[in-house]
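Just so you know, all these numbers are worked out from the coordinates, no wet-lab data involved. A quick note: this is a predicted structure, and the numbers were derived from the prediction, not measured. Cβ: placed from backbone, ideal geometry, glycine included. Neighbour counts: every protein chain shown.
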Amino acid sequence: MTEENGTAFWERPEMVARMAERPADRRLVQLFAGDGVFGDVHSAWQPGPAPRLLDVGCAGGRNTVWAAQQGADVHALDASAAMVRETRKRLAAVSGTDAARTRVRQGRMRDLGRWPDGFFELVVALGVLQDAAGYGEWTETLAEMSRVLRPGGLCLVANFGPDSEPQGRPLEAVPGERFGFAGFGPGNRRLVLPDVQDLDAEFGRHGFTRAVPTEKVRTDTEHGFRTTLNALYRKGPAPGAADNG
């Protein structure tokens, strides 16, 4: 859930509890069930009974644990030691202590080197990419997520949008930092915030195509609002795409 960008904040017990208590992401639930717009995507994906899933920025484990309960072969990563401990504790009740210890790891979002090429069928990156320590780490993480996904694998993404005004005023672009914005929260939090078109384009540079149209959702905050870009990408061309080779 976190990187250098505000790490101490995510180590707080109240934040760990808050993240752990949240229900699984609704889009993840719909994807597993093949509901709604994910019907055709699920059919083409063909994940099998125990898809390998990587939860990048797992926070308190809400999605990791839910996916394990559905029979997924789960692995998870977070920069926060407290979040990792909580996820391991909760996953142990489903998969056992040994599996929880070895499959939930502490590390930066780009630190996916322990997993081989094409290992996963689904990578989940919900609310984590935005906290990269600049565009360099952000794009390195995209490259690594693409590497560990099998061809045809899916990547479920949520990233805040640059038009957010959580404090009731526009964010400030950070000079010289691609997609860099400041002012999102306490401590003048800096985030990496591409807009919808740039998000799609950046994932496209790493071999992804949209599995469903990327959407922007607005949510009210105490002092303003934030926007979230919800995306689902497929590694490689869409099924049935013309072969230009």
Selected from V124, V41, V56 as most flexible by GNM, with the chain as the system and alpha-carbon contacts under 10 Å: V41
Label-point gap, in nm, between R101 and D35 - each point 7 angstrom along Cα→Cβ: 3.7 nm
Choice from G118, G152, G180 showing the highest fluctuation, given a GNM over the chain with Cα pairs closer than 10 Å: G118
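Can you put C155, C58 in order of Cβ neighbours within 10 angstrom, beginning with the fewest? List each step's numbers first, then the result.
Working: C155 24, C58 30.
In order of increasing Cβ crowding within 10 Å: C155, C58.
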Under the Debye formula (equal points on every Cα, no solvent term), log10 I(q)/I(0) of the range 7-235 at q = 0.16 Å⁻¹: -1.17
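Hey, what did the chain get for relative contact order, percent, Cα under 8 Å, at least 6 apart?
Numbers: 530 pairs, mean separation 41.3, N = 245.
Dividing the mean separation by the residue count of the chain yields 17 percent.
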Cα-centre dipole for the range 165-245 with unit charges at Cβ (Lys and Arg positive, Asp and Glu negative), debye to 20: 160 debye
From phi via Karplus (6.51, -1.76, 1.60), per-residue ³J(HN,Hα) for the range 94-100 in Hz, x at Gly/Pro: 9, 10, x, 5, 5, 5, 4
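Please report, in debye to the nearest 20, how large the charge dipole of the chain is about its Cα centre when each Lys and Arg carries +1 at its beta carbon and each Asp and Glu carries -1 there.
On the way: 30 positive and 32 negative charges, 126 e Å.
Computed about the Cα centre, the dipole is about 600 debye.
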Highest-fluctuation residue, G127, G176, G136 considered, GNM on the chain with Cα pairs under 10 Å: G176
Amide proton proximity set for F120, modelled H, under 5 Å, gap of 5+: L149, R150
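Helix-only estimate, please: 222 nm mean residue ellipticity of the chain, summing -39500 (n - 2.57) across DSSP H runs of length 4 or more and dividing by its residues, to the nearest 500. Walk me through the intermediate numbers first.
On the way: 9 runs with 83 residues, N = 245.
So the helix-based figure for the chain works out to -9500 deg cm²/dmol.
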Net charge over other residues, Cβ less than 13 angstrom from the Cβ of L193 (K, R count +1; D, E count -1): -3
Residue-wise HN-Hα coupling along the range 109-118, computed from phi with Karplus coefficients 6.51, -1.76, 1.60 (Hz; x: Gly, Pro): 4, 7, 7, 10, x, 6, 9, x, 4, x
Where labels lie 7 Å past Cα in the beta-carbon direction, separation of D195 and A173 in nm: 1.0 nm
Amide H contacts of D73 (H built 1.01 Å from N, under 5 Å, at least 5 apart or other chain): R52, L53
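Loop only by DSSP, 16 or fewer other Cβ within 10 Å of the Cβ. Give me the trypsin sites (Lys or Arg not before Pro) in the range 149-193 that pass, ordered by residue number.
Numbers: sites: R178, R189, R190; in loops: R178, R189.
Listed in order of number, the matching sites are R178.
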Phi-based couplings in Hz for the range 136-146 (Karplus 6.51, -1.76, 1.60; Gly and Pro marked x): x, 5, 4, 6, 4, 5, 4, 4, 5, 5, 5
